[in-house]
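Just passing along the structure, written as structure tokens.
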Amino acid sequence: MKKLTTLLIISISLLIGCDSYQQDDYEELVVIEAYAVANRPLPHIRVSKTSPINEEFNLSDAAIPNATVQVVLLGDNGDDEEIFPYNFSEGFGRFYIPAIESSGHIVLPMRTYRLDVSFNDRDEIIRAYTTIPDQVEIIGDVAGDIVYQSDEQLEILIAEGRRTQNQSIYVFSAISQDPVIENLTPFFRASVDDGNIELADLITNASGLINEGNFQRNEDGTVTLRFPWIGVAFLGPNLVVTSSVDTNLDAIVRSQQLQLGGSTLPPGEIPNLIYNIEGGIGVFGSLSSDTVRTNFTPPPGL
Amino acid sequence: MKLQHILFILVLLLLFDTGFARQTASVNGYITDSRTGETLLMANVALLEINRGTSSNTSGYYTITNIEPGSYTLAASYIGYRRFELEIDLEPGQNLRINIELIPESVEMEALVVEAEAEREEQRNIGTAQVSMQLIKDLPSVIEPDVFRSVQLLPGVKAASDFSSGLYVRGGSPDQTLILLDETTVYNPTHFFGFFSTFNPDAVKDVRLYKGGYPAQYGGRIGSVLTVYNKDGNRVENQGTVSLGLLASRASFEGPYSRGSYMLAVRRSTIEPVLAVLRQSIDGAPDLFYFYDVNGKINFDATDNDRFSLAFYAGNDNVAIPFQDDANIRLKYGNQTVSAQWRRIFTDKIFGFFTATGSRYFNQPNVSIAGTSFERDNDIFDFSLKADLEYLPNEYHSISGGFWGGNMVLRFRDRFDNVDTFSNRIQSQYLSAYLQNRWRPSNEWIFTGGLRLNTFSEGNYVRLEPRISAEYRPGSRVRLQAAYGRYNQFLTLISNEAFSGLDIWLTTDEGVPPAYGDQFVLGAKTVPRSGWGFDAEIYYRTMRDLFELDPFVTDAAGLDYAELFRFGEGYAYGVELFLEKQRGPVTGFLGYTYSITRRKFPGFNAPILDDPTRARFYPPKYDRTHDVNLTANYQLSSRWSTNAVFSYATGQAYTEPLGRTQFADIPWANSPRDTFTIGNLNASRLPSYHRLDIAFTRSGRFFDLGDAEWQFQIINVYSRRNVWFYNYDFDENPIVRNDVNLLPIIPSVSYTVNF
């Protein structure tokens, strides 16, 4: 019995001593944020640094002003085709904007761009790529006036586009042109009244990311979308924007939502975001969009 | 040890038979409770003169074969029952049928929830633990006595939180434990979205957990097996129980009829009055919130050798919550099971039972917000046939074999805005067969070898699983044990620790291979002194090809099936100590577990600037290094008794954010989105968990109609504010961390009448 007890104690001691998993220390990281939009000028680019969790954070103060930033249009074989230098802007936002010689460039759909960022006083060399989705094109007319929560929902017909990834990923947003509290639909009015959300946060009401696989593709390759009523925060005139996003933007938004909770992860298990950036974190993403205008009118009795 | 070597040893064990023809006798029969006629599982029976013993099987049947003719004393024992002894004379070639009726001990003895060493042949198998129904009913509990909450007190079993009844056994997640109710798989054994389990203690007669290294008789999960058997019903007299609680009540009836017995037990939440009050003062209080379950069984004793039974279970949870204007949530989920069983004594050496099972699980959430609906319809239909045969050729060997085959259909459909957005139907046939030999060459040694073959049609997988164990008894007070087994799993559960009402099961397929793992267990069962028991076990297990839903997949539409998953591996090891006091005015047990659990998935917990496909092992949230549970029962007087449970555990793992940043320009966002940067995942620990629960029970009479019992309980006596997780408030700068706490102090009272 004594031998057994001794053996047990030795075994436990060995087990306890051979597995340690420690918390590591905070590391300051360079953060990139830029979104190129097809058929628009080159985007502004934020270059900033992270802050320790227990310190005050201000994005403008976190900006890194002395970086060398450029965006490169790549050729079909991956060579540098055209280089667009950037300059730091000390104005509102403190981000990098295309230099004068770069400002005339229009972002090309279906093409790949590379972002290069380096520093004189930091070791990091940042590199990221994005392939611009094909231009989203809404074809046909949309109804000019739609009665809210009637049987006739807003239908959008999207032209067949060329793919840059396995499937397109869409975001739909309604941008109110008359965002006053009286125009809020009942659900969102209650949310604002209860203090759950600010009215300003509803001016653009977005759907979240939706895979193309959710929609039925028509025989001619077009895709018909029905705009859900939950996307309508304000009655009255709205711009309805349909966007197709690249994998980088998709990854950062999905993983950011995951970090806030939900999904299958237990509460308190917080993963890092998915960053498709070498040498730092953040996102160099792209999208293409098309917009229609419609007017949501109140149903009788509302 | 190479697989070929293991197979060779197993074949030897299976084929080696030292029996030879001679005119011997045998004795066999059922062991039952004399008061109710209920069969007693794993009761011990022996012929004292020749020191030959065995235990009853899961049907309550025992047999002792190859006995030299002569006079013997047949003895039987079982927890809480008077010892049975009978003088018998056996003639050459005689097959003596003796059905043993054990008489329950006095009330004082019934309070002994742990058996004496000599009465625990089967229960003391390696990795196996039993929880007595009396203990389950006596322990303090929230809402209802709960089988799973009681099982969570055993060493090696952990709870994720006060709100989750899920069983985390030896580093495995809940889906790694096969849960069988009367031989039928139960896919979501929870009520109140995971708060407690579906098993009604009034209906259950036996709960047994095979924590690891389990035998070839079971399969389909890489971790453990929990078997629950419902009562057959009283075969002697009609009997009933009514129990009224503040939040739930239950009733059961059982009794005999001309050829057998029946049992019916119902349970329902009675929370409606509380909701009615809440609705007066709180917005968003549920319009509807209830659960119920019904258990039933009917037995038909066709002949002395043939018994038939039909058992069923149906449970349902239903909730409807309005929130704000123009929005509501409805959720309905539940299980239904049915099993029909034929038990036959073929000869004195062969016993068989054949079971047809059906199991359905469903959940149907429906969320409607501002005129847009989201509906989900998730079903599992699992129908199977099982056959198990036990053959005892001689006193050295006990051979068992069987098969289990079935058809499983998993249906899953999502509708958004009245349009189908995702639909999936998986139909798979499964078949498994096993052969096992328990070889006892001497009183000191027992070897058990087995093979299990599993096939699963979805993906065309065939897997062979060797199992082997050995036991050495150097003396009457010590048993040394070792076991090894390989296990495969073809299913995975998509769930959330905080909420089980939306659970979804998925299967293997092409590109999604089954998870598998090896388990190694060493154990010692000892009796340091009379009335005490002390057990120790050390285990190590691997988990390979783990497949689970990729948490980063938030929209499954358009993805290939294999793209839904992430594939990883893990391991767990630990030491479990169990000290029990079985006799005296104070009884109870103290369990201690030291354990380590790690998981690894590519792209998860990779260094932030490193290759994103890399992976590092990390502890899952439920990993708890030290875990202590103490239960004690004290009979204060003939009428009053008290029970207490104290639990202590290392704080759970959580991820401490290290840094922060913001994304200010997401094109469709109205405001910046805050994010954390983290280092090692789950590298920090919440404060230690501890809690004391106490129950006082007063026995009496309900007029002259029956025995009655008041139970007064206090959960979390000193109102320890254990932390569930931390919430981070980005509206504050710097960020403020807030505690989200587990259960506060909760008093409750219940009244039970037995008639």
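All of the numbers you see were taken from the coordinates with simple rules; none came from a lab. A quick note: this is a predicted structure, and the numbers were derived from the prediction, not measured. Don't worry about glycine lacking a Cβ; one is built from the backbone with ideal geometry, like all the others, and counts go over all protein chains shown.
Please check: in the Gaussian network model of chain A (C-alpha springs, under 10 Å), which one of A:GLN135, A:GLN167, A:GLN70 has the largest mean-square fluctuation.
Among A:GLN135, A:GLN167, A:GLN70, the largest mean-square fluctuation in the Gaussian network model of chain A belongs to A:GLN167.
Tell me, B:LYS525, B:LYS211 in order of fewest to most beta-carbon neighbours within 10 Å? Spell out each step's value before the answer.
Numbers: B:LYS525 23, B:LYS211 28.
Placing the least packed residue first, the sequence is B:LYS525, B:LYS211.
Just want the answer: with Cβ charges of +1 for Lys and Arg and -1 for Asp and Glu, which residue in B:PRO273, B:LEU288, B:VAL236 is farthest toward the dipole's positive end in segment B:210-298?
Among B:PRO273, B:LEU288, B:VAL236, the one farthest towards the positive end of the dipole of segment B:210-298 is B:VAL236.
Which helices, counted as full DSSP H runs in chain A, have an axial Cα extent of no less than 15 Å and a Kyte-Doolittle average of -0.5 or above? It would help to have the intermediate numbers written out before the result.
Details: long enough: A:2-17 (23 Å, 1.61); A:247-259 (18 Å, -0.42).
Passing helices, by number: A:2-17, A:247-259.
Put a dot 7 Å past each Cα toward the Cβ at B:ILE746 and A:GLU27; how far apart are the dots in nm?
Placing both labels 7 Å along Cα→Cβ, they lie 4.3 nm apart.
Another question about this same structure. Based on Cβ point charges of +1 for Lys and Arg and -1 for Asp and Glu, what charge dipole magnitude is obtained for segment B:124-229 about its Cα centre, in debye rounded to the nearest 20? Mind showing how you got there, number by number?
Values: 9 positive and 9 negative charges, 86 e Å.
Value, rounded to 20: 420 debye.
If you don't mind, another one. Under a straight-distance cross-link criterion of Cα-Cα below 18 Å, which lysines are reachable from B:LYS297, leaving out those fewer than 8 residues away in the same chain?
Here the lysines satisfying the reach criterion relative to B:LYS297 are B:LYS205, B:LYS231.
Under 5 Å between amide H atoms, partner at least 5 residues away or on a different chain: which partners does B:ASP550 have, H built in plane at 1.01 Å?
B:PHE565, B:ARG566
Please give the calculated 222 nm ellipticity per residue for chain B, where each DSSP H segment of at least 4 residues contributes -39500 (n - 2.57) and the sum is spread over every residue; nearest 500 deg cm²/dmol? Present the calculation step by step, with values, prior to reporting the outcome.
On the way: 5 runs with 38 residues, N = 755.
The per-residue figure over chain B is -1500 deg cm²/dmol.
Roughly how far apart, in whole Å, are the Cα centres of segment A:229-252 and segment A:80-142?
One Cα centre to the other: 22 Å.
Follow-up. For segment B:661-732 and segment B:64-87, compute the distance between their C-alpha centroids and round to whole Å.
51
Right, next: Is it possible to state the helix-based mean residue ellipticity at 222 nm for chain A, with each DSSP H run of 4+ residues giving -39500 (n - 2.57), the sum divided by total residues, to the nearest 500 deg cm²/dmol? What is it? Can you show the working numbers first?
Values: 4 runs with 41 residues, N = 302.
Theoretical 222 nm ellipticity from helices: -4000 deg cm²/dmol.
Now for a different question. Got the relative contact order for chain B handy, in percent, Cα pairs under 8 Å and 6 or more residues apart?
Working: 2124 pairs, mean separation 71.2, N = 755.
In percent, rounded to a whole number, it is 9.
Quick check for me: using +1 on Lys/Arg Cβ and -1 on Asp/Glu Cβ, what's the dipole size of chain B about its Cα centre, in debye to the nearest 20?
1320
On to the next question. Under the rule a/c < 1.5 gives rounded, and otherwise a/b versus b/c splits prolate from oblate, where does segment B:175-306 land using the Cα gyration tensor? If you can, show how the numbers build up before the last one.
Details: a/c = 3.43, a/b = 1.33, b/c = 2.58.
Because a/c hits 1.5 or more and a/b fails to exceed b/c, segment B:175-306 counts as oblate.
Separate question: What lysines could a cross-link reach from B:LYS621, if we take a straight Cα to Cα line under 29 Å and drop same-chain neighbours fewer than 8 places away?
List returned: B:LYS158, B:LYS211, B:LYS332, B:LYS600.
Just check segment A:172-277 against the gyration tensor rule for me: Cα atoms, a ≥ b ≥ c as the square roots of the eigenvalues, rounded for a/c under 1.5, and otherwise prolate or oblate depending on whether a/b exceeds b/c. Write out the running numbers ahead of the final one.
Numbers: a/c = 2.19, a/b = 1.15, b/c = 1.91.
Oblate is the answer for segment A:172-277, as a/c is 1.5 or above yet b/c matches or exceeds a/b.
Work out from phi, with θ = phi - 60° and the Karplus expression 6.51 cos²θ - 1.76 cosθ + 1.60, the ³J(HN,Hα) of each residue of segment B:570-581, listed in order in whole Hz, and give x for Gly and Pro.
So the Karplus estimates, Gly and Pro as x, are x, 8, 8, 8, x, 10, 10, 10, 9, 10, 10, 10 Hz.
Taking only Cα atoms and a 10 Å spring cutoff, compute GNM fluctuations for chain A and point out the largest among A:PRO43, A:PRO109, A:PRO267.
With Cα springs under 10 Å in chain A, the top fluctuation among A:PRO43, A:PRO109, A:PRO267 is at A:PRO267.
Could you please state, rounded to a whole Å, how far the C-alpha centre of segment A:257-279 is from the C-alpha centre of segment B:339-388?
Here the answer is 36 Å between Cα centres.
Please name which of B:ASN125, B:SER224, B:GLY166 has its Cα lying farthest along the dipole of segment B:124-229 towards the positive end, using unit charges on Cβ (Lys, Arg +1; Asp, Glu -1) and the Cα centre as origin.
Ranked along the dipole, the leading option is B:ASN125.
Under a 10 Å cutoff between Cα atoms, tell me which one of A:ALA128, A:ALA200, A:ALA99 has the largest fluctuation in the Gaussian network model of chain A.
Highest fluctuation among the options: A:ALA200.
Work from the charge dipole of chain B (Cβ charges, +1 for Lys and Arg, -1 for Asp and Glu, about the Cα centre) and give the residue of B:GLY53, B:VAL723, B:GLN662 farthest towards its positive end.
Checking the options against the dipole of chain B, the answer is B:GLY53.
How would you rank A:ILE32, B:ILE504, going from fewest to most other Cβ atoms within 10 Å of each one's own Cβ?
Numbers: A:ILE32 24, B:ILE504 20.
Final ranking by Cβ density, sparse to dense: B:ILE504, A:ILE32.
When a footprinting reagent is the concern and you count Cβ atoms within 10 Å, what order do B:ILE282, B:ILE426 take, fewest first? Working shown, then result.
Working: B:ILE282 10, B:ILE426 17.
Ranked by crowding around the Cβ, least crowded first: B:ILE282, B:ILE426.
So what are the ³J(HN,Hα) numbers for segment B:320-337, from phi and the Karplus equation (6.51, -1.76, 1.60; θ = phi - 60°), rounded to whole Hz, Gly and Pro as x?
9, 10, x, 9, 6, 7, 6, 8, 7, 10, 10, 9, 10, 8, x, 10, 9, 9
Also, quick follow-up: To the nearest 10 degrees, how steeply does helix B:3-15 sit against the main Cα axis of chain B, on a 0 to 90 scale?
With both axes taken from Cα atoms, the answer is about 30 degrees.
Another question, then. Using only alpha carbons, build the gyration tensor for segment A:30-131 and give me the equivalent ellipsoid semi-axes, biggest first, whole Å. Can you show the working numbers first?
On the way: eigenvalues 128, 42, 31 Å².
That gives 25, 15, 12 Å for the three semi-axes.
Hey, what did chain A get for relative contact order, percent, Cα under 8 Å, at least 6 apart?
Relative contact order of chain A: 21 percent.
As a test of understanding, state the convex hull volume per residue of chain A from its alpha carbons, in Å³.
Values: hull volume 78.0 nm³, N = 302.
Normalising the Cα hull of chain A by residue number yields 258 Å³.
Which of the aspartates and glutamates could be linked to B:LYS581 by a straight reach, that is with a Cα gap under 13 Å, when you skip same-chain ones fewer than 8 residues away?
B:GLU115, B:GLU117, B:ASP535
Run the dipole for segment A:30-131 about the Cα centre, Lys and Arg Cβ at +1, Asp and Glu Cβ at -1, nothing else charged, and hand back the magnitude in debye, nearest 20. Before the final figure, lay out the partial values.
On the way: 8 positive and 15 negative charges, 57 e Å.
Computed charge dipole of segment A:30-131: roughly 280 debye.
Against the longest alpha carbon principal axis of chain B, how many degrees, from 0 to 90 and to the nearest 10, is the axis of helix B:272-281 turned?
Long axis of B:272-281 versus the principal axis of chain B: about 10 degrees.
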